[in-house]
Amino acid sequence: MMKGTIGIVDDQQLFLKTVGMFVNTFPDFEVVLYASNGPDVLQKLKSQDPLPDILLIDVNMPEMEGAEIVSTIKKTYPSIKMAALSMMEDSQNVIRMIKAGCCAYLLKNMNPNELELALREILLRGFYNTYVTNMCYQELFNKDSIDLKEREREFLELACSDLTYQQIASKMFLSIKTIDGYRAALFEKFQVKSRVGLVLEAIRQNVISV
């Protein structure tokens with residue numbers, strides 16, 4: 001069985017090599033490309049044969065932002081699957097990277113075992129959602145399966161912005177307790193465990209437009 005091939009793009013050399021070291025211990029994967037920024041990876045891809053199956057791309061880098069790199073690679077090399085790597089779990093970065101073409105948003109402090117699972121899911125399924133079990137995938141990708149009330153949809157759209165929950169409460173003229181209720185209800189409906197998971201699923205399913 002051939003191993004899945006991985007490329008890693010990160011301007012922090014220590015992190016770049018550390019992630020590569022972990023990936024190379026996974027029996028089904030090997031790192032075939034290291035790059036320190038956008039221009040570097042674009043240059044290396046020109047002579048890379050075969051192309052890597054998956055690219056792990058840092059969100060914030062000098063010269064080119066992660067989203068710009070992802071968008072450029074998606075147009076030129078549509079067969080490459082890309083996952084964002086970040087220390088940040090805010091909605092804006094998730095939205096930006098998913099819209100650019102990433103099929104997963106991975107946190108840099110994730111457990112190596114979860115990274116291996118994520119790579120396997122991306123290779124097999126074409127995407128990986130940290131917050132959703134495999135049993136929920138088909139249901140979640142059916143837009144009609146999520147029944148939202150008007151105020152829940154309003155909350156969801158605001159949750160996909162950079163507003164805090166307190167600011168959302170003020171904007172909706174509701175108490176923070178009521179907002180917590182909407183949040184809990186939507187976490188249940190979308191089968192997610194965090195705001196990032198909620199944003200990711202809402203965008204994927206086109207439940208909201210951003």
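Which residue, Ile98, Ile179, Ile54, has the most motion in a Gaussian network model of the chain that connects Cα atoms within less than 10 Å?
Ile179
Determine the calculated [θ] at 222 nm for the chain from helices alone, applying -39500 (n - 2.57) to every DSSP H run no shorter than 4 residues and normalising by the residue count; nearest 500 deg cm²/dmol.
-14500 deg cm²/dmol
Taking the Cα centre of the chain as origin, work out the dipole magnitude from +1 charges on Lys and Arg Cβ and -1 charges on Asp and Glu Cβ, in debye rounded to 20.
260 debye
If I take all pairs of Cα atoms in the chain, what percentage of them are more than 23 Å from each other?
Taking all Cα-Cα pairs of the chain, the fraction more than 23 Å apart is 47 percent.
Using a 1.4 Å probe over the heavy atoms of the protein chains, calculate the carbon and sulfur portion of the accessible area of the chain as a whole percent.
That share works out to 52 percent.
What length, rounded to one decimal in nm, is gained on full extension from Asp49 through to Lys149, with 0.36 nm per residue of separation minus their alpha-carbon distance?
In short, 31.0 nm is gained.
Please give the length that would be gained between Glu68 and Phe15 if that part of the chain were fully extended, namely 0.36 nm times their separation in residues minus their C-alpha to C-alpha distance (nm, one decimal).
17.0 nm
For a protection proxy built on the mean count of beta-carbon atoms within 10 angstrom, sort 22-33, 152-163, 61-72 highest first, please.
Listed from highest to lowest mean packing, they are 61-72, 152-163, 22-33.
Per residue, how much accessible surface does the chain expose to a 1.4 Å probe? Answer in Å², no decimals.
Ligands and nucleic acids excluded, the result is 51 Å² per residue.
Of the cross-linked pairs Lys99/Lys177; Lys108/Lys193; Lys99/Lys171; Lys75/Lys193; Lys17/Lys99; Lys75/Lys189, which ones have a Cα-Cα span greater than 23 Å in the structure shown?
Violating the 23 Å limit, Cα to Cα: Lys99/Lys177; Lys99/Lys171; Lys75/Lys193; Lys17/Lys99; Lys75/Lys189.
The values are calculated or read from the model by the stated rules, or taken from the named source; none is laboratory data. Not measured: the values here are computed from a predicted model. Methodologically, a virtual Cβ is constructed for each residue, glycine included, from the backbone with ideal geometry; neighbour enumeration extends over all protein chains shown. When the accessible area is computed, the model is the full protein with side chains, heavy atoms only, and any ligands, DNA or RNA have been set aside. Shrake-Rupley method; radii C 1.70, N 1.55, O 1.52, S 1.80 Å.
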